[in-house]
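What follows draws every value from the coordinates through simple rules; no lab data is involved. Bear in mind that the values here come from a model prediction, so they are computed numbers and not experimental data. Backbone-built Cβ (ideal geometry, glycine too); neighbour counts: all protein chains shown.
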Amino acid sequence: MHGSWLWFAVLFLVPDISLFLFPLNKKIATAVYNCVHTYTTPILFSLVLWLLGQTSCLWMALIWTAHIGMDRLFGYGLKYETAFKDTHLGRV
């Protein structure tokens, strides 16, 4: 895909920026967090890139997917509004 390890390191944690919304508004933060931490979003992003002919940027979607996979590996799932540690995979 001709991506670089530097870009991987820089972009790998970008989806976690949504964590900073939790102290402000749990409902909005949960929605944003779950949107960027579901496999559907990077798949749709890949489809849009492909339709626009920007296939050279598909590596960004792969980094995003790797982030989600790492979260699942460590037991972090989609969030519930009840508490930050409540996820669809159980309490973290």
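Using the membrane-span-like helix rule (whole DSSP H runs, Cα extent along the own axis of at least 20 Å, mean Kyte-Doolittle hydropathy at least 1.0), which helices of the chain qualify?
Numbers: long enough: 58-73 (23 Å, 0.86).
Within the chain not a single helix satisfies the rule.
Evaluate the charge dipole of the chain about its Cα centre and quote only its size in Debye, nearest 20, assuming +1 on the Cβ of each Lys and Arg and -1 on the Cβ of each Asp and Glu.
200
Modelled label-to-label distance, Trp50 and Val92, 7 Å Cα→beta-carbon offset: nm?
So the two model labels end up 3.0 nm from each other.
Calculated from the structure, mean projected area of the Cα convex hull in nm² equals which of [x] 8.4; [y] 7.4; [z] 6.2?
Of the labelled values, this structure produces [z].
Obtain the nm distance between the two label points defined at Ser4 and Phe74 by a simple spin-label model: each point lies 7 Å from its Cα along the Cα-to-C-beta direction.
A separation of 2.5 nm, rounded to one decimal place.
Extending each Cα 7 Å along its Cβ direction at Asn25 and Lys85, get the distance between those two points in nm, one decimal.
Output for this residue pair reads 2.7 nm.
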